[in-house]
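Participant: Handing you a structure now.
The values are calculated or read from the model by the stated rules, or taken from the named source; none is laboratory data. Predicted, not measured: the structure shown is a model, and the values here were computed from it. Reconstructed Cβ throughout: ideal geometry from the backbone, glycine too, with neighbour counts over all protein chains shown. Please note that ligands, DNA and RNA were not included when accessible areas were found on the heavy atoms of the full protein model with its side chains. Shrake-Rupley method; radii C 1.70, N 1.55, O 1.52, S 1.80 Å.
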Amino acid sequence: MSARKERTSARRTRRGARQKASFAQLPRQKVINSFKPLEIISEDQIEAIHNASMEILENIGIKVRHPEARDILKKAGQKVDTDTEIVYFDRDFVMEAISHAPSEFTLHAPNPDCNLEIGGRNLVFSMVASTPNATDMDNGRRTGNQKDFRNFLRLAQSLNVIGTCGGYPVEPVDIHASIRHLECGRDFATLTEKVPYIYSLGRDRNLDGIEMARIARGISHEQMLKEPSIFTIINSNSPLMLDTPMLEGIMEMARHGQVVVLTPFTLAGAMSPVTLAGALAQQNAEALAGLSLAQTVRPGTPVMYGGFTSNVDMKSGAPAFGTPEYAKATIATGQLIRRYNLPFRSSNVNASNVADAQAAYESEMSLWSLVMGGANFVKHAAGWLEGGLSASFEKVIMDVEMIQMMIEMMKPIDTSPESLGLDAMREAGHGGHFFGTQHTQDRYETAFYTPILSDWRNYESWAEAGSPDALKRANTIFKTILADYEQPAHDPARMEELNEFVDKRIAAGGVKTDF
């Protein structure tokens, strides 16, 4: 090992030791979902939804608002109505196209220890993303800004169960939109060592994001094409439309071998039929349309199918999340996606305006459904509030506690002779206790999950400490993490090249801000 690598490893070890001392978190690990996916609808019902989505694609069609995308699909044999911009997808074409998508792949990070395995039984959690506001107990709710953006990135870097930021945790609107992606990309590469993200808001943003990810890894363009190192979310403009920026994102990311996550935003009763079956059929049609375009541009492009079907409050029209309908849609979506052998993206969401009991129980509904539905990648896993309008620092800690508990739940029970503990029973005897047995003494430090947020003290001890509730404790914990944060040790040559690229693009004016 080189001296520089030894110094880097030592710095990472020291940083990890400090963080462990300040709060008890699980070690960085590959999370495997050991549960058999739940099936809440029958195979016949899956086929009914599949066939309905094929009917949508073939006879109702998808509005494709980019001429190049329509030309690509037309050359692939799809019927295109130029006047209406509607493309009618042949079911055989769709199924053939998505058959080229890998069922599993690796997302490569600047630090290989932070690589993400996507698909199969793997489960990856990412930070809240794309909110316009930040909130905490100290400063309340405020418009997104670079200071809060950077602090969320520091939390994402420090929290072992968070695999990636997955977008801007909060939108830093104090940076002009034309250069925001450049400054945020620089922050991703500087403040974290995890997989970055780029928004599909025009071709040039995608290209800039891909280049920044390549520089951060220090690899060639040829290697970048073979090793996906950045991802984007593509939201269809439900109902039944793919708009220009999203289509440019699909095409450019596919051409460069980077990850496309196609996620329809199908809210039952608003942007899709009010029935779950109808909403799922529409979601499926929109997702398969976008994914088939990605595979037509470059067969084998790594993709994920995103499920985000939920319902609205029919009294107000407001989106509702963490509902029974959301949970059922998530589990059924998992069944659909396994039919196509694709990786499954889901989300940890709620509609609460504050980090309270509602936020917790709606998030728990979301987490349980995505775990039981066999999701592989979880957007908005930590920090989402207010239906996605706020990112909460305290909610990040609440969610990380729940995520850690889920991870521990998914670990198989050890039934080895040592774990069965018959010798401990003999040592404790009839009517005795196990605190002093050798079996307990050998295991007591690691036998049970250690919470980062839950308070297990008795009432008297808790009251004597000032009666801190979960929100107050979460506030203290996130501020402790930020105080202990140390920036990752990056290769200086990569950082110099990245800064030169970003500064040059900023000097050139960045990208256009209208479409």
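Participant: Restricting to segment 196-209, and then to whatever is in contact with a helix residue (DSSP H, G or I) (Cβ under 7 Å, 6 or more places away or on another chain), in contact (Cβ under 8 Å) with a residue 60 or more places away in the chain and in a helix (DSSP H, G or I), can you tell me which residue is surrounded by the most Cβ atoms within 10 Å (Cβ to Cβ)?
Facilitator: Arg205
Participant: Would you confirm whether any residue within segment 395-402 is surrounded by fewer than 24 Cβ atoms within 10 Å (Cβ to Cβ) and farther than 20 Å from Asn235 by Cβ?
Facilitator: yes
Participant: Of the numbered conditions (1) assigned to a loop (DSSP other than H, G, I, E, B); (2) open to solvent by less than 20 Å² (accessible area, probe 1.4 Å); (3) of a type outside the set (A, V, I, L, M), Asn237 satisfies every one except a single condition; which is it?
Facilitator: (2)
Participant: OK, next. Just to be sure, is Gln223 crowded, with 24+ Cβ neighbours inside 10 Å and either in a helix (DSSP H, G or I) or small (Gly, Ala, Ser) (or both)?
Facilitator: In short, no.
Participant: A further question on this structure: Would you please name the residue that is farthest from Ala101 (Cα to Cα), looking only at residues in segment 293-324 that are charged (D, E, K, R) and modelled with pLDDT under 95?
Facilitator: Here the answer is Lys315.
Participant: Further question on the same structure: Out of Leu280, Leu262, report the one residue that is within 23 Å of the chain's Cα centre (by Cα) and either under 19 Å from Asp243 (Cα atoms) or modelled with pLDDT under 95 (or both). Write out each step before concluding.
Facilitator: On the way: Leu280 fails: either under 19 Å from Asp243 (Cα atoms) or modelled with pLDDT under 95 (or both).
Matching residue, one of Leu280, Leu262: Leu262.
Participant: Separate question: Out of the residues in segment 483-502 that are open to solvent by less than 40 Å² (accessible area, probe 1.4 Å) and assigned to a helix (DSSP H, G or I), state the one that is farthest from Arg217 (Cα to Cα).
Facilitator: Val502
Participant: A further question follows. Taking only pairs six or more apart or across chains, which ones have beta-carbon atoms under 7 Å, a first residue in segment 401-430 that is of a type outside the set (Gly, Ala, Ser), and a second residue that is open to solvent by 100 Å² or more (accessible area, probe 1.4 Å)?
Facilitator: Glu427/Gln438
This table checks each residue for (1) out of contact with any Leu (no Cβ under 7 Å at 6 or more places or on another chain); (2) part of a helix (DSSP H, G or I); (3) within 24 Å of Thr263 (Cβ to Cβ).
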site: Ser346; (1), (2), (3): no, no, yes
site: Ala359; (1), (2), (3): no, yes, yes
site: Ser363; (1), (2), (3): yes, yes, yes
site: Leu370; (1), (2), (3): yes, yes, yes
site: Lys379; (1), (2), (3): yes, no, yes
site: Lys395; (1), (2), (3): no, yes, yes
site: Gln404; (1), (2), (3): no, yes, no
site: Glu408; (1), (2), (3): yes, yes, no
site: Asp414; (1), (2), (3): yes, no, no
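Participant: From Arg505, Arg473, grab the single residue that is under 26 Å from the mean Cα position of the chain (by Cα), part of a helix (DSSP H, G or I) and modelled with pLDDT of 95 or more.
Facilitator: One residue alone meets the criteria, Arg473.
Participant: Something else: Out of Thr301, Thr309, Thr323, Thr333, which single residue is surrounded by fewer than 24 Cβ atoms within 10 Å (Cβ to Cβ), in contact with a strand residue (DSSP E or B) (Cβ under 8 Å, 6 or more places away or on another chain), in contact (Cβ under 8 Å) with a residue 12 or more places away in the chain and β-branched (Val, Ile, Thr)?
Facilitator: Thr323
Participant: Just wondering, is there one or more residues in segment 417-425 that are open to solvent by 90 Å² or more (accessible area, probe 1.4 Å) and assigned to a loop (DSSP other than H, G, I, E, B)?
Facilitator: Taking segment 417-425 and keeping what is open to solvent by 90 Å² or more (accessible area, probe 1.4 Å), we get 417-418, 420, 422-423, 425.
Pick out the ones that are also assigned to a loop (DSSP other than H, G, I, E, B) and you get none.
Among the residues of segment 417-425, not one is open to solvent by 90 Å² or more (accessible area, probe 1.4 Å) and assigned to a loop (DSSP other than H, G, I, E, B), which makes the answer no.
Participant: Let me ask another. Go through segment 71-88 and report how many residues are open to solvent by less than 30 Å² (accessible area, probe 1.4 Å) and within 15 Å of Val297 (Cα to Cα).
Facilitator: Looking only at segment 71-88, we keep the residues that are open to solvent by less than 30 Å² (accessible area, probe 1.4 Å), and these are 73, 78, 87.
Now narrow it down to the ones that are within 15 Å of Val297 (Cα to Cα): 73, 78.
So the count comes out to 2.
Participant: Here's something else I'd like to know. Provide a single number: the residues in segment 1-57 that are at pLDDT 50 or above and either under 30 Å from Leu240 (Cα atoms) or open to solvent by 70 Å² or more (accessible area, probe 1.4 Å) (or both).
Facilitator: 26
Participant: Something else now. Out of curiosity, is Glu193 of a type in the set (Asp, Glu) and open to solvent by less than 10 Å² (accessible area, probe 1.4 Å)? Reasoning before the result, please.
Facilitator: Values: of a type in the set (Asp, Glu): yes; open to solvent by less than 10 Å² (accessible area, probe 1.4 Å): yes.
Criteria met by Glu193.
Participant: Out of curiosity, is Met314 of a type in the set (A, V, I, L, M), touching a Gly at 6+ places or on another chain (Cβ under 7 Å) and touching a residue at least 24 places away in the same chain (Cβ under 8 Å)?
Facilitator: Details: of a type in the set (A, V, I, L, M): yes; touching a Gly at 6+ places or on another chain (Cβ under 7 Å): yes; touching a residue at least 24 places away in the same chain (Cβ under 8 Å): yes.
So Met314 passes the test.
Participant: Could you please find all residues in segment 432-466 being without any contact (Cβ under 8 Å) to a residue 60 or more places away in the chain and open to solvent by less than 50 Å² (accessible area, probe 1.4 Å)?
Facilitator: Selection gives Gly432, Thr437, Thr440, Tyr449, Leu453, Asp455, Ala463.
Participant: Just to check your reading of the model, which residue among Leu116, Leu123, Leu182, Leu107 is modelled with pLDDT of 95 or more, buried (at least 17 other Cβ atoms within 10 Å of the Cβ) and more than 14 Å from the chain's Cα centre (by Cα)?
Facilitator: Leu182
Participant: If Arg457 passes every condition in (1) closer than 30 Å to Asp136 by Cα; (2) part of a helix (DSSP H, G or I) but one, which one does it miss?
Facilitator: The number of the failed condition is (2).
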